[in-house]
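Worksheet for the structure shown next.
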Amino acid sequence: MNITIVGTGYVGLVSGTCLADLGHSVHCVDINEEKVQMMKKGEVPIYEPQLEEVFLRNIKGNRLFFTTDLAEAVKKSNVIFLALPTPPGGDGSADLSYVLEVAGQIASLITQYTVIVNKSTVPVGTAKKVGELIKLKTSVPFDVVSNPEFLREGYAVEDFMRPERVIVGASSKKAFEIMEKIYLPLTNAGVNLIKMDEKSSELTKYAANSFLATKITFMNEIANYCEKVGADVDKVRMGMGADDRIGHRFLFPGIGYGGSCFPKDVKALIKSGNEIGYDFKILESVEQINEKQKTILVPDIEKHLGTLKNKCIAVWGLAFKENTDDIREASSLEIINKLLEKGASIKAYDPIAIENVQRLLGDRISYAKDMYECVEDVDALVIATEWGEFRNPHFEWLEKRMKNKAIFDGRNLYNLEDLEAHGFYYKSIGRKIIIG
C-alpha cells in the first residue's frame, strides 16, 4: 500500500521504516529540511538499536522516501499516519496543536477516499475532533482511525515487527479492512489485531502506560519499606513475580521512571479526568511519589560523606534508561541538579547520551570518555542508568581510582556479596546497606 507518515520523530521514523519493511511504499514528511536531507543520504537522526539496518535496507529497496512536501506525499497515498508530538502543556494536558494543524492541511489536499491514522498519543475524543475539523474543509470521503503505538525506546524495531498486539479504533468497515491489509504481514504471523471504537483505542494507550508507571511506583514504595523493616526487595519481587497474575516485568525497584511517555501520559490522563470532574487519585500519588524517588539517594550520599560541599561525585548513566540517548525526565538530571545545589562537583559518563546532556547543562558538570576515567579521584559513584557495560565492572580498578570507595546504586545492578568482598560502602534500593 502507499502510506504517508507525517512527522519523523521517534514514533514516526520507526513506524515508517518498519511499515516499509512490511512491503509498503512509505513517504515520510517532516518540515525540517536539514533533517530530511540527512535521511535521504541514509543518516538516521535518532539513536535506536537495529533501526539503521532496517532504514538503509528500505531506502535501497525503494520503499522508504523522505520529503518536506506534504502535498506531494498525500497525492501518492490513500493512508496518512499522523506521528506528531503531543507535548504536555503547562497544566499537564496534551497539546494537540500539531495534530490539528496538520489535519487541517490534509483536509485541503485529499482528492480520494483517505484513511487518516492517529499514531500520536492523544486524549479520548481526539479522533472525533480531527474528523470534525476535516469535515469542515472538504467533501472528499475519509475516515479517522486511532492506532496507538506501544514502542519501548531501545527495543522499538522489535516491538513494531513483533508486537504483542495491534490496536485499531475505527467506526467504518472500510477503514478496518484497510488497516487489516496494512498489518497483514504481522497478523499472518500470529499477531492479534484488536478492533474497537476510537475512544477506547485512545484510552488504551494512556491506561497501559499509566498502569505500568503505577506498577513501577508501587514496587519502589515496597523497596523503600523493605529498607525500613530489614526485608530484601529482590526476594520480595521474585516471590511476587512468580504469581502469573502479577508477572516479573516492571517489578525492578530503582530511582523512578522517566522518558517521553510515562511522565507525559500520567499527567495527561490526570488532566483529562479533571476536565470531566473525575479525580485519578492513584495517578496523582504515582506522580508525586515518582518525583521524590528520583532523588531518594541524595540524602544518603550527603549523610555518608558528611557534606557535599567540594565533594566530587561520579555519575554513571545519563539517559532515562539503557539503549537510548533520550534524557527527557531522566532521574540522572534530577540527581545532578540536587548535588550541584549542595555544592558538589559532577563527573558524568554515558555511552550514548553525553552530547544531549552537554547541550542542556554545558560546563556545569564535566564529562568523561569512559566509565573508569569518570571515577578518578571521586568521593562517591552514583549509578543512574542500567547500561550493560556498568553491570560487570572491574571492582579492583574502581578501588584504585576512587578516592572514597562508596557506590550509590539507583538500579540495583550488583550482588551485595561482591561489594562486601571488595570493601565498598554500597547503598542500593530496598536492600541492606553494605558498610565495607
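Structural remarks
- Taking a ≥ b ≥ c as the square roots of the eigenvalues of the alpha carbon gyration tensor, the stretch 108-162 is prolate, as a/c is not under 1.5 and a/b beats b/c.
- Counting every pair of alpha carbons in the stretch 150-216, the share spaced more than 16 Å apart comes to 55 percent.
- Its Cα gyration tensor gives the stretch 1-99 an equivalent ellipsoid; the semi-axes, largest first and in whole Å, are 23, 16, 12.
- Beta bridges by DSSP in the stretch 1-104, antiparallel share as percent, to the nearest 5: 5 percent
- Rounded percent of accessible protein surface that carbon and sulfur make up, the chain, 1.4 Å probe: 51 percent
- Taking a sphere under 14 Å around the Cβ of Val36 and counting the other residues whose Cβ falls inside, with K and R at +1 and D and E at -1, yields a net charge of -3.
- Cα pair count fraction exceeding 23 Å, expressed as % - the stretch 309-436: 25 percent
- Where Rh is the Kirkwood radius over Cα pairs, Rg/Rh for the stretch 158-290: 1.06
- Tensor-based shape of the stretch 213-266 (alpha-carbon gyration tensor, a/c under 1.5 rounded, otherwise prolate or oblate): oblate
- The base-10 log of I(q)/I(0) for the stretch 52-108, evaluated at q = 0.23, 0.24 Å⁻¹, reads -0.97, -1.00 [Debye formula, identical scatterers on Cα atoms, solvent excluded].
- Annotation: amide H of Val382 within the under-5 Å range of Ala314, Val315, Trp316, Phe408, sequence separation 5 or more or interchain, hydrogens built in the peptide plane.
- Bridge type composition, the chain - antiparallel percent by DSSP, nearest 5: 5 percent
- Along its three principal directions, the equivalent ellipsoid of the stretch 359-402 from the Cα gyration tensor extends over semi-axes of 20, 14, 9 Å, largest first.
- From helices alone, the chain scores -13000 deg cm²/dmol at 222 nm; the rule is -39500 (n - 2.57) for each run of n ≥ 4 DSSP H residues, then divide by the residue total.
- Per residue value of the accessible surface for the stretch 50-158 (all protein chains in place, 1.4 Å probe), Å²: 43 Å²
- Normalised by 2.2 N^0.38 Å, where N counts its residues, the alpha-carbon radius of gyration of the stretch 249-329 equals 1.39.
- Longest stretch of the chain clear of exposed loop sites (GluC sites (Glu not before Pro), DSSP loop, at most 13 other Cβ atoms within 10 Å, sites excluded): 165-436.
- Phi-based couplings in Hz for the stretch 3-16 (Karplus 6.51, -1.76, 1.60; Gly and Pro marked x): 10, 10, 10, 9, x, 10, x, 4, 5, x, 5, 5, 5, x
- With Cα atoms defining each centre, the stretch 211-256 and the stretch 140-187 are spaced 32 Å apart in the structure.
- At 0.692 mPa s and 37 °C, Stokes D of the chain from Kirkwood alpha-carbon radius, µm² per second: 140 µm²/s
- Three-way shape label, the stretch 80-173, alpha-carbon gyration tensor, a/c 1.5: oblate
The values are calculated or read from the model by the stated rules, or taken from the named source; none is laboratory data. The structure displayed is predicted, hence computed values, not measured ones. Every residue, glycine among them, receives a Cβ derived from its backbone with ideal geometry; neighbour counts consider all protein chains shown. Please note that ligands, DNA and RNA were not included when accessible areas were found on the heavy atoms of the full protein model with its side chains. Shrake-Rupley method; radii C 1.70, N 1.55, O 1.52, S 1.80 Å.
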